[in-house]
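Input: a single structure, listed below in structure tokens.
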Amino acid sequence: MRALVAAVFLLVLALRPGIGFSQETTGNLDGYLTDEAGDSVPFATVSVSSPSLQGARQTMSTSTGYFGLFKLPPGEYSVTFSHVSYQEVTYTGIVVGLGRTTTLRDVQLKYKVYEVPEVIVAETKSLIDVTTTTIGANLTRQDFEVLPIERNYQNIPALLPQSNESFLGDEVNFAGATGLENKYFIDGIDVTDPYRGITGTNLPYNFVKEVEVKAGAYEAEYRSSLGGVVNVITQPGGNEFHGQLYGFYANNRFSGDPRFGAYEPATGDFSQYDLGLSLGGPIAKDNLWFFAAYNPNVEHEDVEIPGLGFYEDKNIRHIFSGKLTWKATEKLNLDLTLFGDPGTREAVGVTFGNWGIPVALENPDPYLADVETGGVSGSLIGRYFVSDRLLFEASLSVITRKDYYQPRTERGANELFFVDDETKVWSGGYPDRIDDLSVQTTAGIEGTLIAGKHTLKSGIEYRDNMLNTSEVLRGLYRFNDALFVDASFVWDETTVHNHIPSVFVQDSWQIIDRLRINAGIRWDGQYLVGSNGEVAQKILDQYQPRIGLVFQPGRVGSQKLYASYGRFYQEISTLLSAMHHNENFVQSFINYGQDPRIDPSNGDTVSFHVGIQPEVEDLEGQHYDEFTLGYELQFGGNMKIGATGIHRNLRQGIENGYGVDGALVYGNPGSGALSDFPNMTREYSALVLTLERMGDTKLNFLASYVLSKTIGNYTGLFNSDFGYAFPNTNGAFDWPENLVNGSGLLPNDRTHVFKFYGSYRLGFRLTVGTSFIWQSGTPLSTFEGASTGPLWQNFAEERGSSGRTPTIWDLNFRFAYDIFPPGRSWQPRLLLDVFHLGSQREAVNYDQIKYFGEMGMPPNTNPNPTYGMATKYQPPTTLRLGLEVGF
């Protein structure tokens, strides 16, 4: 019966149209066996066991003494070596990390002169992965559960070098990129929003077993991004029942007084609480495990509507996760995962479009909306072990994400949104009607073959990003008594796709014990399908060679010197197709000489029916080239130092703008219809120094320093200049005049960043965790009005040359007290988080627009009254209380 299940499973996947695997959900273990004379030990049996593994796995050493066990669930392992001629030995405490290869060094077997008991060796944790050039880090649950972090796992990467919190409106910025250029994976599923890339699925850290962060230099088997990759696996079941109850609470009475920037809505009373429960264990021991978790999260906050007082903003999110792990046969393992984060919000001051910030409102309705976001994702992963040298992994995943924005009030639904551009006062109704559903389906299969000193991998993958969308954004602008403009951006229900086939081939060649070369190539195609169901644009020349070299000087396994080169692409969001491959998309501007709410006659209509843009010849995908050179040294058992140099150069980007004939088109700036524009540029160079202590029973930490520079004329998929979260359509390259003086230091450039995080376990069941960051300020620019109209700005002087924001620091603590000593069946833990201790509440961004443009007026005659004023400050000191009860 089980053999039939295996056959059916593989047949189903094989019959799918093009079925790679985007990110790892497992880790690897390898090493070499020698005897007392230093000779290789072939044909020894290597067996592993772990609470994370169903049953046991074993392999046999090759003629060179090499052994490798691949696709192991991350966790702590015991490894036993046995041979008829040698004494049996077991190594304990071997940690296999997510997406990492743990190499056992100095495994030496002694001759069996007579029968002796098995030898047990407690292994020192390996901190160096000598098989890869990947730049990044892993944090297990034991690492991050004692650190002062936010509830969502997406904040964990900000602890690490080259990943900085952004104060400009996007997610964490990796290596000079913006937050829309990151990829988030949960249990092998790419959960990044395919519509705009704003974020990934929210999960509390209590659901998470391990977080892997890739900041660069990874191999061809991995789907790439223009920023960083955050890879998460959720908690599994096990042979023993286990679970956790937890609750967290915070409110404004536990915090200091915030500072509010220019036009930033003030906030009043605030409360946040979430309660959660998880349970895992066996359905059948060593055969079928389950894990399930549920975490409702509720937030209440009073938000000021300018000129009208405070209104309550209420946000409820239902977060859940479930997993089944099944050892279907001795050779086939299956993982079925389901998770989601659907939420509803009675929002205050939240709009989908970028309508600016008002000075005041005449009525509250433009600020009041009903919002629904989040989604549900699921995956099935199968691993079939043909032998201990050949295995296949296949996957099928589906994610859904919803964005729904509608007026909350009757007046908000029935009246036209109105903006007085002279006074910056809003009135009327709510401006947006959004009903979007994204569905991403991915299927893939990859194989791994160990052939002598080569580890060969190859895989194919097929992805469909589908967007079903209906959007209406409409507002009436008053520029003066003689000019009113009714502006609307409308598309009726529309469906567009991006089909993305992928293929990769990769070889990891252990030339000698000290030298390894990883070489591979990846190809990703893109087929953008319009609303008429036909392919509107193809991007096929997306070849990505990646090569890495690892050399181990000194004692094998204790050091590595590495270098890499790679090319990395990121697919286009479905937003671009919704705008440019959409028969139903109409932009309309109706100009009136009087207020049309009183007299709607004599309107002069300018309408743009975008339709299906003709295919752009030789369109290149958005990508960068990366070079790295680094060194790592493990010493003192559990200490590691590292030094890495990295250089990224954006080779091509995609944006829309007004081309040579005045039409709004997309392409590669500097070519084709956008030939009047300069080429996109962005360069990131950095030196990264790290000192790490991990695997200790008391003190663990990571300290890092990054010296970097980010320059160019393109901030990224997120327009950091003005906070526009619309990838490939963010206004950065709308008109050529907007790019004059546009090259220089980019808004997320931070010359110096020092970080420290760590924990210390005291003797009376108290653990103190901390994180600290000190970072230099970011560049400022000066903008002036553009001749193209009030919606655009030009650089008044060279980008980034108008000073910097202040240098800032941030200090956080977590105090975790275990009420009972270890060994009890119930383990309650009290938690106190202190965020931003001693916060100076410094300004982190400023209003950089010196002059607004104005219809019918000469440039620079309309000064901005808030120019030079702070628009955002550091948050004040806040406290959060928590209780976690493990069982």
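The values are calculated or read from the model by the stated rules, or taken from the named source; none is laboratory data. What you are looking at is a predicted structure, and each value in this text was computed from that prediction instead of being measured. Here Cβ is always computed from backbone atoms with ideal geometry, including for glycine, and neighbour counts include all displayed protein chains. Note: accessible area is taken over every heavy atom of the protein model, side chains too, but ligands, DNA and RNA are not part of it. Shrake-Rupley method; radii C 1.70, N 1.55, O 1.52, S 1.80 Å.
Those residues that are modelled with pLDDT under 90 and open to solvent by less than 40 Å² (accessible area, probe 1.4 Å), I need them from the range 120-149; list them, please. Don't jump to the end; show me each part of the working.
Step one: list which residues in the range 120-149 are modelled with pLDDT under 90, which gives 120-127.
Across the range 120-149, the qualifying residues are SER126, LEU127.
Can you tell me which of ILE198, ILE156 is hydrophobic (A, V, I, L, M, F, W, C), modelled with pLDDT under 95 and open to solvent by less than 10 Å² (accessible area, probe 1.4 Å)? Walk me through how you get there before you give the answer.
Values: ILE198 fails: open to solvent by less than 10 Å² (accessible area, probe 1.4 Å).
After applying the criteria, what remains is ILE156.
Being modelled with pLDDT under 95 and small (Gly, Ala, Ser) is the filter; apply it to the range 355-374 and report the residue that is most open to solvent (accessible area, probe 1.4 Å). If you could, list the steps in order and put the result at the bottom.
Taking the range 355-374 as the starting set, the residues that turn out to be modelled with pLDDT under 95 are 355-360.
Filter once more, so that each one left must be small (Gly, Ala, Ser): 356, 360.
On the way: GLY356: 54, ALA360: 26 Å².
Per the stated criteria, the residue is GLY356.
Considering only the range 526-545, how many residues are open to solvent by 10 Å² or more (accessible area, probe 1.4 Å), within 22 Å of ARG648 (Cα to Cα) and assigned to a strand (DSSP E or B)?
Going through the range 526-545 one residue at a time, the tally reaches 2.
Which residues, counting only those in the range 800-829, are surrounded by fewer than 16 Cβ atoms within 10 Å (Cβ to Cβ), in contact with a Leu (Cβ under 6 Å, 6 or more places away or on another chain) and assigned to a loop (DSSP other than H, G, I, E, B)?
Within the range 800-829, GLY803 is the sole residue that qualifies.
Regarding the range 262-270, can at least one residue be identified that is among the small types (Gly, Ala, Ser), open to solvent by less than 10 Å² (accessible area, probe 1.4 Å) and modelled with pLDDT under 95?
The answer is no; no qualifying residue exists.
Name every residue in the range 499-515 that is of a type outside the set (A, V, I, L, M) and in contact with a Lys or Arg (Cβ under 9 Å, 6 or more places away or on another chain), in order of residue number.
HIS499, PRO501, SER502, PHE504, GLN506, ASP507, SER508, TRP509, GLN510
Inspect the range 408-425 for any residue being part of a strand (DSSP E or B) and small (Gly, Ala, Ser) and give the result as yes or no. I'd like the intermediate steps shown before the answer.
Initial filter on the range 408-425 (part of a strand (DSSP E or B)): 418-420, 425.
Right, trim to small (Gly, Ala, Ser) and you get none.
No; the residues of the range 408-425 include none that is part of a strand (DSSP E or B) and small (Gly, Ala, Ser).
With the requirement that a residue be surrounded by 24 or more Cβ atoms within 10 Å (Cβ to Cβ) and either among the polar types (S, T, N, Q) or under 12 Å from the mean Cα position of the chain (by Cα) (or both), what does the range 159-171 give you?
Matches in the range 159-171: GLN162, SER163, ASP170, GLU171.
Restricting attention to the range 793-800, does a residue exist that is within 30 Å of LYS640 (Cα to Cα) and modelled with pLDDT of 95 or more? Don't jump to the end; show me each part of the working.
First pass over the range 793-800, keeping only residues within 30 Å of LYS640 (Cα to Cα): none.
No, because not a single residue in the range 793-800 is within 30 Å of LYS640 (Cα to Cα) and modelled with pLDDT of 95 or more.
Condition first: of a type outside the set (A, V, I, L, M, F, W, C), open to solvent by 50 Å² or more (accessible area, probe 1.4 Å) and more than 23 Å from the chain's Cα centre (by Cα). Can you find one or more residues in the range 698-720 that meet it? Don't jump to the end; show me each part of the working.
So in the range 698-720, the residues of a type outside the set (A, V, I, L, M, F, W, C) come out as 698, 700, 704-705, 708-710, 712-716, 719-720.
Now restrict to residues that are open to solvent by 50 Å² or more (accessible area, probe 1.4 Å): 698, 705, 709.
After this cut, where a residue has to be more than 23 Å from the chain's Cα centre (by Cα) as well, the list is 698.
Yes, because at least one residue in the range 698-720 is of a type outside the set (A, V, I, L, M, F, W, C), open to solvent by 50 Å² or more (accessible area, probe 1.4 Å) and more than 23 Å from the chain's Cα centre (by Cα).
Restricting to the range 604-615, name every residue that is open to solvent by less than 40 Å² (accessible area, probe 1.4 Å) and assigned to a loop (DSSP other than H, G, I, E, B).
Looking only at the range 604-615, we keep the residues that are open to solvent by less than 40 Å² (accessible area, probe 1.4 Å), and these are 610-611, 613.
The answer is GLN613, and nothing else.
Could you run through the range 469-486 and say how many residues are part of a strand (DSSP E or B) and surrounded by fewer than 17 Cβ atoms within 10 Å (Cβ to Cβ)?
Of the residues in the range 469-486, the ones part of a strand (DSSP E or B) are 469-480, 483-486.
Then keep just the ones that are surrounded by fewer than 17 Cβ atoms within 10 Å (Cβ to Cβ); that gives 470, 472, 480, 483.
Looking only at that region, the number is 4.
State which residue is nearest to LEU361 (Cα to Cα) when the search covers only the range 287-311 and only residues that are acidic (Asp, Glu) and in contact with a Lys or Arg (Cβ under 9 Å, 6 or more places away or on another chain). Before the answer, list the steps.
Our first condition is that a residue be acidic (Asp, Glu); within the range 287-311, this holds for 299, 301-302, 304.
This time we only want the ones that are in contact with a Lys or Arg (Cβ under 9 Å, 6 or more places away or on another chain), so: 299, 301.
Working: GLU299: 25, GLU301: 19 Å.
Checked the range 287-311; the qualifying residue nearest to LEU361 (Cα to Cα) is GLU301.
Restricting attention to the range 736-788, which residues are open to solvent by 40 Å² or more (accessible area, probe 1.4 Å) and among the basic types (Lys, Arg)?
Listed by number, the residues that qualify are ARG761, ARG765.
From the set of residues in the range 330-354 that are outside any strand (DSSP E or B) and charged (D, E, K, R), which is surrounded by the fewest Cβ atoms within 10 Å (Cβ to Cβ)?
The first filter runs over the range 330-354 and keeps only residues outside any strand (DSSP E or B), leaving 330-331, 341-342, 349-354.
Filter once more, keeping what is charged (D, E, K, R): 330-331, 341.
Working: GLU330: 12, LYS331: 15, ASP341: 25.
Filtering first and then ranking leaves GLU330.
Scanning for something touching a helix residue (DSSP H, G or I) at 6+ places or on another chain (Cβ under 9 Å), open to solvent by less than 70 Å² (accessible area, probe 1.4 Å) and under 30 Å from PRO366 (Cβ atoms), does the range 312-329 turn up at least one residue?
no
In the range 603-611, is there at least one residue being in contact with a helix residue (DSSP H, G or I) (Cβ under 8 Å, 6 or more places away or on another chain) and more than 30 Å from THR697 (Cβ to Cβ)? Give the derivation first.
At the first step, the residues of the range 603-611 found to be in contact with a helix residue (DSSP H, G or I) (Cβ under 8 Å, 6 or more places away or on another chain) are 610.
Add one more test, that the residue is more than 30 Å from THR697 (Cβ to Cβ), and what stays is 610.
Yes, the conditions are met somewhere in the range 603-611.
Would you confirm whether any residue within the range 9-20 is surrounded by 15 or more Cβ atoms within 10 Å (Cβ to Cβ), within 39 Å of the chain's Cα centre (by Cα) and at pLDDT 90 or above?
Looking through the range 9-20, none of the residues is surrounded by 15 or more Cβ atoms within 10 Å (Cβ to Cβ), within 39 Å of the chain's Cα centre (by Cα) and at pLDDT 90 or above.
Evaluate the following for GLY378: is it over 30 Å from LEU69 (Cα atoms) and either out of contact with any Phe, Trp or Tyr (no Cβ under 7 Å at 6 or more places or on another chain) or part of a loop (DSSP other than H, G, I, E, B) (or both)? Before you say what the answer is, go through the steps one by one.
Values: over 30 Å from LEU69 (Cα atoms): no; either out of contact with any Phe, Trp or Tyr (no Cβ under 7 Å at 6 or more places or on another chain) or part of a loop (DSSP other than H, G, I, E, B) (or both): yes.
No: the conditions fail for GLY378.
Is it the case that the range 449-463 has a residue that's modelled with pLDDT under 95, of a type in the set (Gly, Ala, Ser), farther than 23 Å from GLY603 by Cβ and not in a strand (DSSP E or B)?
yes
Just checking, how many residues over the range 682-737 are farther than 30 Å from MET639 by Cβ and polar (S, T, N, Q)?
Taking the range 682-737 first, the residues farther than 30 Å from MET639 by Cβ are 682-683, 710-737.
Filter again for polar (S, T, N, Q), leaving 710, 713, 715, 719-720, 728-730.
Selection size over the range 682-737: 8.
Consider THR494 carefully, then state whether it is within 30 Å of ILE521 (Cα to Cα), of a type in the set (S, T, N, Q), within 29 Å of the chain's Cα centre (by Cα) and not in a loop (DSSP other than H, G, I, E, B). Show your work before the answer.
Values: within 30 Å of ILE521 (Cα to Cα): no; of a type in the set (S, T, N, Q): yes; within 29 Å of the chain's Cα centre (by Cα): yes; not in a loop (DSSP other than H, G, I, E, B): yes.
For THR494, the condition - within 30 Å of ILE521 (Cα to Cα), of a type in the set (S, T, N, Q), within 29 Å of the chain's Cα centre (by Cα) and not in a loop (DSSP other than H, G, I, E, B) - is not met.
Has the range 224-243 got at least one residue that is part of a loop (DSSP other than H, G, I, E, B), out of contact with any Lys or Arg (no Cβ under 6 Å at 6 or more places or on another chain), open to solvent by 10 Å² or more (accessible area, probe 1.4 Å) and under 23 Å from ASN315 (Cβ atoms)?
Scanning the range 224-243 turns up no residue that is part of a loop (DSSP other than H, G, I, E, B), out of contact with any Lys or Arg (no Cβ under 6 Å at 6 or more places or on another chain), open to solvent by 10 Å² or more (accessible area, probe 1.4 Å) and under 23 Å from ASN315 (Cβ atoms).
Look at the range 659-683 and say how many of its residues are open to solvent by less than 10 Å² (accessible area, probe 1.4 Å) and in a strand (DSSP E or B).
2
Within the range 454-465, identify whether any single residue is under 30 Å from SER63 (Cβ atoms) and exposed (fewer than 15 other Cβ atoms within 10 Å of the Cβ), and answer yes or no. Write out each step before concluding.
Going residue by residue through the range 454-465, those that are under 30 Å from SER63 (Cβ atoms) are 454-459.
Among the residues that remain, those that are also exposed (fewer than 15 other Cβ atoms within 10 Å of the Cβ) are: 454.
Yes, the range 454-465 has at least one match.
Whether any residue in the range 47-69 is in contact with a helix residue (DSSP H, G or I) (Cβ under 8 Å, 6 or more places away or on another chain) and at pLDDT below 90 is what I want to check. Break it down stepwise before answering.
So in the range 47-69, the residues in contact with a helix residue (DSSP H, G or I) (Cβ under 8 Å, 6 or more places away or on another chain) come out as none.
No, the range 47-69 contains no residue that is in contact with a helix residue (DSSP H, G or I) (Cβ under 8 Å, 6 or more places away or on another chain) and at pLDDT below 90.
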